[in-house]
Structures are given as structure tokens and as C-alpha cells.
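Visitor: Below you will find the structure I want to go over with you.
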Amino acid sequence: MSEVREFKTEVQQLLQLMIHSLYSNRDIFLRELVANAADAIDKARFESLTRTELAREWQIRLAVDKEAKTLTITDNGIGMTADEVAANIGTIAKSGTKEFINALAEKGDNTDMPELIGQFGVGFYSAFMVASKVELHTKKSGSDAPAVCWRSTGEGSYELDDSPRTEAGTEIKLFLKDDADIYLENWKLSEIVRKYSDFIAYPVILPQVKVNEDKSETVEDRVLNSQKAIWLRKPSEITDDEYKSFYSHLSNYGGTEYLKAIHMTAEGSSEFKALLFLPKQAPFNLLMPDIQKKGLQLYIKRMFITDECKELLPDYLRFVCGVVDSSDLPLNVSREILQQNPLLGKIQTAVTGKVISEMKKLLENSRENYEKFFSEFGKIVKEGLHTDRVNCEKIKDIVLYESMNTPEGKYITLKEYVDAMPESQQDIYYITGDKRSSVASSPVLEYFRAKGYDVLFMTDPIDEWVMQSMFQYLKKSFKPVTKGEFEEKDSEEKIKAAAEKYAKLVDFLKEKLADKVSEVRFSARLTESPCCLIVDNSALPPHMERLFRAMHQEIPVSKRIFELNADHPLIEAFNAKIAAGETSEQMEKFANALYNQALLLEGSPLDNPVEFASTITALLGAALK
Ligand code: ADP
């Protein structure tokens, strides 16, 4: 069998980028291939728990041939069938490939390539940074499928062929480019492995020539990595580089930069050790389903079980990555049965508490970093306010909001909000909307500004949903400023008086705007603007209405409440005209124009922009005469 197949277009582009990566840190090709080898062994080792005949002495071997200028990386892991080879490293471009290319194009140079390679899961192809040809032999573990050979120069196509390999596992031979001779040197290879792959749980072996006392030479295996599980070590003995390389090995987010490493040692009803990381930067696809939840890596007594244990983290902490190593969970059961083990829930509880308290420490001790972190991941953390009944009070302590009094991009905590409340203020006020600029210009804020009350800006789509279950904080109730009746004891009288004084105008507006608004009334909310629109307590807020409509969802039209400012000269003048019996068409146009400008301030589209524009034009014309 020998068959030539084309690479998918995206893979071809990717390979071109790899082949021509003149600069960038090429060392990482070895990190990627060793990581793949270790993953392959993890899988085989897991299978051998239930099929003991598959157990073997797990190892990754490097071999150098200086004459042929080749470097070979061999593992005795899970291996691949011919179909899997074609699917994994051939025709089928993975979802990350395209994004990888785009991200690289956006950066304009490829100095960040090593970081991006990790981030987008295209590690195998990094072999082409140093090799002009790659030949892979692989045989699937525990299966009768014949061994298969894959070879390519990275230029457009690859070849599938029979392979003489008899042992399960994968061998990858790199024919090094002329300028990549350095990867034939033992010292270089050991340096890279120690730097990037020291914690890999299997020996990475490089045979080395040893000169004996009698000057004869023998070849000896040398293990390059310490294989020390980093999460079992004392934090004080772990270097920054070790943390970084472990983080980049674990993280779905790529890069080596994390915000905080968290060690945990739990004793008692469930014994486990954990090393968790808070990431620094959100990935490009943070809110896409495939990254929604990967979970933590689970080890049992240092044995790798799975790298996607979703039961160890609540959804709203899904950006946390790390390892949990339990001493109590049973080893010899299937993953499905393991997933039902109640101990996982106990571990989740402990991990959740720890992560929240570490976030709080960051907030208290490293405000700037926490704000940056929150601007990336806050919208995910906030889900916990609604979903985690047990911890929601603690989460309230660590969520941040922009507010009327904060500069753009700066945040306050709920505690800071409450502490700054003047004595006369009873409740925590907030406004929801789609962005800061639109909520900040809402006329309904006028009253609060005048009173010296701050208003929280809730501009994440998730906020609306979260607020359904946020009733109180430190015994203060949350109140949306754009909804329903606005109770202000001292203004009751004034409103009553205004309703009487301007009854004619109110009746007129009610009649003319009957199909648009459910009510016309006076409000204490306004100090500068003549009017505004309010939603009924039970109705969806306008930006949510727009969101649903944008998603083509049918939602009922909810009529707004039209609120007027009793102190505004325009209202007085308008009332005077109506009271004097003027009910011309022009008055109706004015009514519509008032309503329409309130709609605009709310951020909603106008029903009839043409009419609005012509009214304004006519008014301008009259004023300029
Ligand atoms: P990633 O490892 O992020 O999935 P890669 O491009 O490095 O991306 O590898 C693609 C896929 O090829 C892997 O997911 C795995 O299924 C397969 N693969 C790569 N190397 C090996 C190996 N040494 N043994 C078995 N499978 C491998």
C-alpha cells in the first residue's frame, strides 16, 4: 500500500508558516513532540489498567544519527491506526488550525509562534520548523490494525505506506534541515527536555556514549528528566520556569503566562493534592462551546486518569486549569463509574472554596492584576452568583462592576459601593445595558447623580440573568433604576401636584401615544431631560429585547411607561398649548418626537425614523427663521 494524499488547504498554509519560521524559538518542537508522546502513553497506560496484558515499561526515547542527520522520538504509547493518522495529522484540519493562522497573520511576525502553537493544538506540525522531511511509524496498541507509515516534506501532500514496525507506539524521525544541526547534540537535547518536559511522568531517554576506564566505549541510557510530579513538590522548591512550563503543558489557553499558581493539600475525608492555575489572558474562543469546559486533570496516586475531569470544577470556574491527585479514589474502575463517585463532589467543593478565597486575596493584595483578570474572566465568574447557592455570598465579595462614578475600565466591589452610600440611600442601584456609553447617557441617571448616589453599570449580557437571583448584599436590596415605580417619599407630593397641574398634557399624550406606551406619568427620576421611558417591573429590559430579536426570537412587544419631568420648561410650555385647546397635527408630531427621542436614549431603534427626521427638520427650520 502506498498512497499520496493532499493536505487540507489550512494545513498547507500552516505548514508553510512552520517551514518558513526563520526566527522564533524552534526548541519548542521537541516540547510538543515529547508532550504528544507522553499523552499517547497516558492513554495506553490507562487502558492497561483494565487490560493488564498491555502494561509495559513506559518510556520515550530520543535517538540521534549524526551521519544521516536525523533525530528520532519514539514512544510506546497508544499508537494510531491508518485512519487515525489521516484524521489526526493529515487531511482533516482541526478547528484550531484556521484560528492559528489568523492569529499569526494578525501579529504580523512570528515571534509568538511558540506560544500560539501550544494555544491552538497544532504541535505536531512544529516538527517542520526544524525538519525538511518527517517520517512517522505507528502501531495501535491492543489492536490487530497493521502498522502504518506517514511521511511528508510538508509541501502539499503526504504519503501513507505500510510500516515494518511491530511494537505498539509511535516513532517520529526528523530529517533535520541544514541549519538545525544543533538538535543532533546531546547537550542541546537534554537542555530542552529539562527546561520544558522535566515533570513528564515517563522517562525521556537519550542513549549516550560512555568512555570506560579502559578507554573502551559503551552506550548507556540516560534519563534526561526528573519526572517529579510538580504538584507533589514543595512550592518553595519549584522555580518560575518549572511553573511556566507546567502551565503551558496544562493550559488550554496557551502561553506560559499565568496569573497565580495555587497549591492545595487536603486531608481528612478526602485526601488529595492539587496544583491549580488562574490564567492571565482569555483565549480567543473563551465563549465558544469547545472551550466551554474542559475540567481539571485527574490523577489517582500519581497515575494519570483523564485530562478532562469536569466533575472537579463548577462551570463558572472553567477557566481554571490544573491537576488533582487523589489518594482515595478507586483506580481500577472505568471512567464512567469513576465520574459517579461522590468523592469527586467533595473535591470540587474544596477546590471551589480554595479558588474563590485565592481570588479574594488577589483582589485585596494585587488590585490591578485582579481587575485585569476580572475584565477577561469576570463574565464567567458572575455565572456563579446565579448557579452556586452555597458560595454566592462569597462570590458577591469578589465580583467587580463599573459604575457611574468610576472612570471607564475601572471597577468597584459591592462592598466599596455600599461603604460609599450616603446615609439617605437605602438601596443598591444598578442599570443594565449593552455597553457603558449607552447606560452612562441614560436620562434616568439624572436623579441619582443629583442625589450623590452611585449606580452600578451592568453591561455584560449575563448580568440581567444574574440579577434575577441577586436580591441583597449586606442587607441592602438591589434596585434597577430603569424599572417600575420609583419610590421616593419626599417626591410623592410633588408628583401628585404635577399630575394635576399638567393633566391636560397627560391626557393628550395618553391618547396620541396609546399604541406605544402603557402609561404616562410624572417621575422623580428626571432632573435635566424632559422625559424618559421605563419598563414595567415584569418586562424584559430594552437591550435584552434587542438581543433576543437579533437572535430571531419571537418576544412580545412590551409597551413602555412614559415618564415626564415636572420641572422641565418644555413640559410646562407643551401643557400650556394643549390646555389652550391647540390640538393640531403639529402637536401630535411633537408628542411623537418626544417619545422618539426617549427611545433613542434608551438605545432602541425608532419605529418611524423618517417622520422623526422631518419633524426635527421642520423645528430647526422654524427656529432658524
Ligand atoms: P494536539 O496534540 O494538540 O492534539 P497535535 O498536532 O500535536 O495536536 O497532534 C494531533 C493529534 O495526533 C493528537 O491529538 C493525537 O491524536 C495524534 N498524535 C500526535 N502524536 C502522537 C503520538 N506520538 N502517538 C499517538 N498519537 C499522536
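The values are calculated or read from the model by the stated rules, or taken from the named source; none is laboratory data. Because the structure is a prediction, the values reported are computed rather than measured. FYI the Cβ positions are ideal-geometry reconstructions off the backbone, even for glycines, and counts take in every protein chain you see. These area figures cover heavy atoms from the full protein model, side chains too; ligands, DNA and RNA do not enter into them. Shrake-Rupley method; radii C 1.70, N 1.55, O 1.52, S 1.80 Å.
Visitor: How big is the dipole moment of the range 481-571 about its Cα centre under a simple scheme where the beta carbon of each Lys and Arg is +1, that of each Asp and Glu is -1, and everything else is neutral? Debye, nearest 20, please.
Guide: 300
Visitor: Rounded to a whole number, what % of the accessible area of the chain do carbon and sulfur atoms account for, probe 1.4 Å?
Guide: C and S fraction of accessible area: 50 percent.
Visitor: For the chain, what is the charge dipole size about the Cα centre, in debye to the nearest 20, if Lys and Arg each add +1 at the Cβ and Asp and Glu each add -1 at the Cβ?
Guide: Roughly 800 debye for the chain.
Visitor: Length gain on complete extension for the stretch Arg436 to His552, per 0.36 nm per residue less the alpha carbon to alpha carbon distance?
Guide: 39.3 nm
Visitor: Among Ala598, Gln586, Ala618, pick out the residue whose Cα is farthest towards the positive end of the charge dipole of the range 567-621, where Lys and Arg carry +1 and Asp and Glu carry -1 on C-beta, about the Cα centre.
Guide: Of the options given, the answer is Ala618.
Visitor: Return the calculated 222 nm mean residue ellipticity for the chain, to the nearest 500 deg cm²/dmol, obtained by summing -39500 (n - 2.57) across DSSP H runs with n ≥ 4 and dividing by the residue count.
Guide: -11500 deg cm²/dmol, from helical runs alone.
Visitor: Still on this structure, please answer the following. Taking the Cβ-Cβ separation of Ala145 and Glu408 as r and a Förster radius of 56 Å, what is the calculated FRET efficiency to the nearest 0.05?
Guide: After rounding, the FRET efficiency stands at 0.40.
Visitor: Could you rank the peptides 462-470, 334-342 by their average count of other C-beta atoms within 10 Å per residue, with the highest value first?
Guide: Output ranking for 462-470, 334-342: 462-470, 334-342.
Visitor: Here is a further query. Quickly rank 371-380, 605-614 as a protection proxy: mean count of other C-beta atoms within 10 Å, highest first.
Guide: Packing proxy ranking, top to bottom: 371-380, 605-614.
Visitor: Among the lysines, which fall within straight-line cross-link reach of Lys66, defined as a Cα-Cα distance under 20 Å, with same-chain neighbours fewer than 8 residues apart omitted?
Guide: Lys133, Lys173, Lys177, Lys188, Lys210
Visitor: Next up: For Thr72 and Thr387, what is the calculated FRET efficiency with R₀ set at 45 Å and r taken between the beta-carbons, to the nearest 0.05?
Guide: According to the calculation, E is roughly 0.35.
Visitor: Right, here's the next one. Measure off 7 Å from each Cα along the Cα-to-Cβ vector at Ala579 and Ala497, then give the distance between these two points in nanometres to one decimal.
Guide: 1.4
Visitor: For Asp507 and Glu185 in one chain, what is 0.36 nm times their gap in residues minus the Cα-Cα distance, to one decimal in nm?
Guide: Using 0.36 nm per residue and subtracting the Cα-Cα distance, I get 106.8 nm.
Visitor: With a ≥ b ≥ c the root eigenvalues of the C-alpha gyration tensor of the range 40-85, is it rounded (a/c under 1.5), prolate (a/b larger than b/c) or oblate?
Guide: Since a/c reaches 1.5 but b/c is at least a/b, the shape of the range 40-85 is classed as oblate.
Visitor: On to the next question. For the charge dipole of the chain, defined by +1 on Lys and Arg C-beta atoms and -1 on Asp and Glu C-beta atoms about the Cα centroid, which residue among Gly142, Ile412, Leu17 has the Cα displaced farthest towards the positive pole?
Guide: So the residue furthest toward the plus end is Ile412.
Visitor: Determine the shape class of the range 121-227: with a ≥ b ≥ c the square roots of the Cα gyration tensor eigenvalues, call it rounded for a/c under 1.5, and otherwise prolate if a/b is greater than b/c, oblate otherwise.
Guide: Prolate, because a/c is 1.5 or more and a/b exceeds b/c.
Visitor: Name the residue from Pro314, Met359, Gly378 whose Cα lies farthest towards the positive end of the charge dipole of the range 287-400, charges +1 on Cβ of Lys and Arg and -1 on Cβ of Asp and Glu.
Guide: Met359
Visitor: Need one word for the range 444-558: rounded, prolate or oblate. Basis is the Cα gyration tensor (sqrt eigenvalues a ≥ b ≥ c); a/c below 1.5 gives rounded, then a/b vs b/c decides.
Guide: Here the range 444-558 falls in the oblate category.
Visitor: If you don't mind, there's one more thing I want to ask. Given the whole protein assembly as supplied and a 1.4 Å probe, what does the accessible area of Ile192 come to in Å², nearest 10?
Guide: For Ile192, solvent-accessible area is about 0 Å².
Visitor: For the cross-link pairs Lys273/Lys361; Lys139/Lys215; Lys195/Lys280; Lys234/Lys410; Lys294/Lys475; Lys98/Lys360, which exceed 30 Å when the distance is taken from alpha carbon to alpha carbon?
Guide: Beyond 30 Å between Cα atoms: Lys139/Lys215; Lys234/Lys410; Lys294/Lys475; Lys98/Lys360.
Visitor: Continuing with this model, one more query. Gain in length, Glu446 to Val219, computed as 0.36 nm per residue apart minus the alpha-carbon separation, to one decimal in nm?
Guide: Computed gain between Glu446 and Val219 is 73.5 nm.
Visitor: Now, a different point. Excluding ligands, DNA and RNA, what is the solvent-accessible area per residue of the chain at a probe of 1.4 Å, expressed in Å²?
Guide: I get 47 Å² per residue for the chain.
Visitor: In nm, give the distance between the simple-model label positions of His20 and Val211, each being 7 Å from the Cα along the Cα-to-Cβ direction.
Guide: 4.6
Visitor: For the pair Leu232/Ala622, report the inter-label distance in nm, with labels modelled 7 Å from Cα in the Cβ direction.
Guide: Result: 8.6 nm between the two label points.
Visitor: Something else about it: Can you tell me the FRET efficiency between Thr349 and Arg5 if r is taken as the Cβ-Cβ distance and R0 is 41 Å, rounded to the nearest 0.05?
Guide: Taking R0 as 41 Å, the efficiency between Thr349 and Arg5 is 0.25.
Visitor: Give the peptides 413-424, 429-440, 508-519, 205-216 in descending order of average Cβ contacts within 10 Å, highest first.
Guide: So the order, starting with the most tightly packed, is 429-440, 508-519, 413-424, 205-216.
Visitor: Could you size up the charge dipole of the range 286-403 around its Cα centre, putting +1 on the beta carbon of Lys and Arg and -1 on that of Asp and Glu, and report it in debye to the nearest 20?
Guide: The calculated dipole for the range 286-403 is roughly 180 debye.
Visitor: If the reach is capped at under 30 angstrom between alpha carbons, list the lysines near Lys516, excluding any in the same chain fewer than eight residues apart.
Guide: Lys435, Lys479, Lys483, Lys489, Lys494, Lys496, Lys501, Lys504, Lys559, Lys577, Lys589
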